[in-house]
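Structure first, commentary second.
Just so it is clear, none of the values below were taken in a lab; they were calculated from the coordinates. Just so it is clear, the model here is predicted, and its values are computed rather than measured. Methodologically, a virtual Cβ is constructed for each residue, glycine included, from the backbone with ideal geometry; neighbour enumeration extends over all protein chains shown.
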Amino acid sequence: MKFLPFILFTVLTNAAAQLMLKQGMTTLGPISFAGVNPAVKILAIVFSPWVFFGLLTFVISMASHLYVLSKVDLSFAYPFLSLAYVVVAVFAYFVFREDLNALRIAGIAFICVGTVLIAQSGRVHAEPSATNPNQNLQTSELVR
């Protein structure tokens, strides 16, 4: 669990980026390329403040994710990104007044349970030990 804070940072920055992008696109309104040069329109979208900072936050999230991938198994780290859906769904409910019905809540519960199960099975990459160069440490061994 040594790298869990980095994984959660990745999740939170990913979710924050989604929320910023939604706010930016809500502010800009529906996209129409009618009568406008598409390149100019795309640049206007990318450089609008909420969208720009959302994209920048995605870059930070990706850098964090790359660091995590250098330390833990992909099959351990990647499922945690599903928690970003949980964060986005809850914030979208409160901030954007989006629907959060019983089926979505059930889905969120399944995501949370699945992530906890995956967290219990985690492995990290480790420097090979002198006695067994092919050995990887278990997450539980790193906590000690």
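Quick test of your reading of the structure: HIS65 fulfils all but one of (1) farther than 24 Å from LEU117 by Cβ; (2) assigned to a helix (DSSP H, G or I). Name the failing condition by number.
(1)
Return yes when PRO5 is of a type outside the set (Val, Ile, Thr) and over 29 Å from SER64 (Cβ atoms) and no when it is not.
Details: of a type outside the set (Val, Ile, Thr): yes; over 29 Å from SER64 (Cβ atoms): no.
Against the criterion (of a type outside the set (Val, Ile, Thr) and over 29 Å from SER64 (Cβ atoms)), PRO5 does not qualify.
Take the residues in the stretch 73-104 that are assigned to a loop (DSSP other than H, G, I, E, B) and in contact (Cβ under 8 Å) with a residue 24 or more places away in the chain, then tell me which one is nearest to the chain's Cα centre (by Cα).
My answer is ASP73.
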